[in-house]
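Here it is: the structure, laid out below.
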Amino acid sequence: MISIVVPVFCEGSNIIRFYERLNEVTDTLSSHAWEYIFVNDGSTDNSYEELQNLAGADKKVKVLNFSRNFGKEIALSAGVEAASGSAVITIDADLQHPPELIPAMIEKWGKGVDIVVAIRKKTEKQPLMRKIGSRVFYWLMGKISDVDLVSQATDFRLIDRKIANIFKVITERSRMYRGIIDWIGFKKEYIEFNADARMEGKPVYSYRKLINLALNSMTSFSLFPLRIAGYFGIFITLISGMLLLIMLPTHFIFKSQYFSSLSIVVVSNTFLIGIVLISLGLIALYIGNIHNEVINRPLYIIKDRLNFD
Ligand code: UDP
Ligand code: MG
């Protein structure tokens, strides 16, 4: 059996079309049994009603209904955990990930590839800000993390059962699905596809992320001052650093008395204070991570389970 995991957040207008297009593909692969696991991530529209109808009409459709919106990464985790197939395919509900790619993925899997990742070649009508955002994100991640994330790689991927089993025992709280999968390793191959513009509705994700960021800093309010200190430190370091770049050569190289020795000492000190403040800000980030791990909440709370016996 092969499991298809679909995170759903306010996709009421896409679900039926997605389901039909997916069926067209899986019908051609009838040598495999299929299960479709839709994870309703606290949609506020009619998504859950649509899913209930599908589940009522088709036994291979299974639905997990979250009690509220937990985010795509957690929805994916819940789906992969609930999947029982010997391969698990994660795919978006908005048809930006063409189901027609699935046969090629399964073919690679049949040849012994453990992870098949779909890579987006171009996205029509993707706003410039999002393009820049994702470029910057991957550049940054490449710099700071020790697994290399391929730019434009998506969550549209097939993983073998053994990867899914490993994934299940990873307990970190703040998670990125593809990051964890990349970290797990094993034999990985890539498939390219052209992303279409999203069918209906608007992409909610990036704006949600921004709002989340704001909310996060509010809930972890005790860390907020430290973080502010960090930003303040960056500001002070930049300003005093530039001043030093002018002052030091003027004083020591051109031997001008325009800047007094005292002023140079003061500005150097300010520069160092800036660096101390930046370090405090960094510590706030670490503490934030520790906080996340320590609170040890359940990752998600499932309200209903359909067709799970
Ligand atoms: N999604 C989700 N929870 C969220 C946001 C999105 O389950 O909080 C789902 C959404 O329904 C879709 C997929 O994740 O199936 C990708 O979302 P979106 O199209 O908004 O993101 P993008 O295509 O821009 O990555
Ligand atoms: Mg999308």
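The values are calculated or read from the model by the stated rules, or taken from the named source; none is laboratory data. From a predicted model like this one, the values you see are computed outputs, not experimental measurements. Methodologically, a virtual Cβ is constructed for each residue, glycine included, from the backbone with ideal geometry; neighbour enumeration extends over all protein chains shown.
Consider Ser222 carefully, then state whether it is at pLDDT 70 or above and more than 30 Å from Asp155 (Cβ to Cβ).
no
Do we find that Val150 is within 16 Å of Ile184 (Cα to Cα), away from ligand 1 (no atom under 14 Å from the Cβ), at pLDDT 90 or above and not small (Gly, Ala, Ser) in this structure?
no
Take segment 21-39 and flag every residue that is free of Cβ contacts under 8 Å to residues at least 60 places away in the same chain and either within 16 Å of ligand 2 (Cβ to nearest atom) or more than 22 Å from Thr154 (Cβ to Cβ) (or both).
Within segment 21-39, Asp27, Ser30, Ser31, Ala33, Phe38, Val39 qualify.
Just checking, how many residues over segment 7-37 are in contact with an Asp or Glu (Cβ under 9 Å, 6 or more places away or on another chain) and not charged (D, E, K, R)?
The total comes to 14.
For segment 281-300, state whether one or more residues are in contact with a helix residue (DSSP H, G or I) (Cβ under 8 Å, 6 or more places away or on another chain), within 30 Å of Leu101 (Cβ to Cβ) and modelled with pLDDT under 70.
Yes, segment 281-300 has at least one match.
Further question: Consider segment 27-67. How many of its residues are within 20 Å of the chain's Cα centre (by Cα), under 28 Å from Asn165 (Cβ atoms) and surrounded by fewer than 23 Cβ atoms within 10 Å (Cβ to Cβ)?
1
Which of the numbered conditions does Glu192 fail, given that it passes all the others? Conditions: (1) under 18 Å from the mean Cα position of the chain (by Cα); (2) modelled with pLDDT of 65 or more.
(1)
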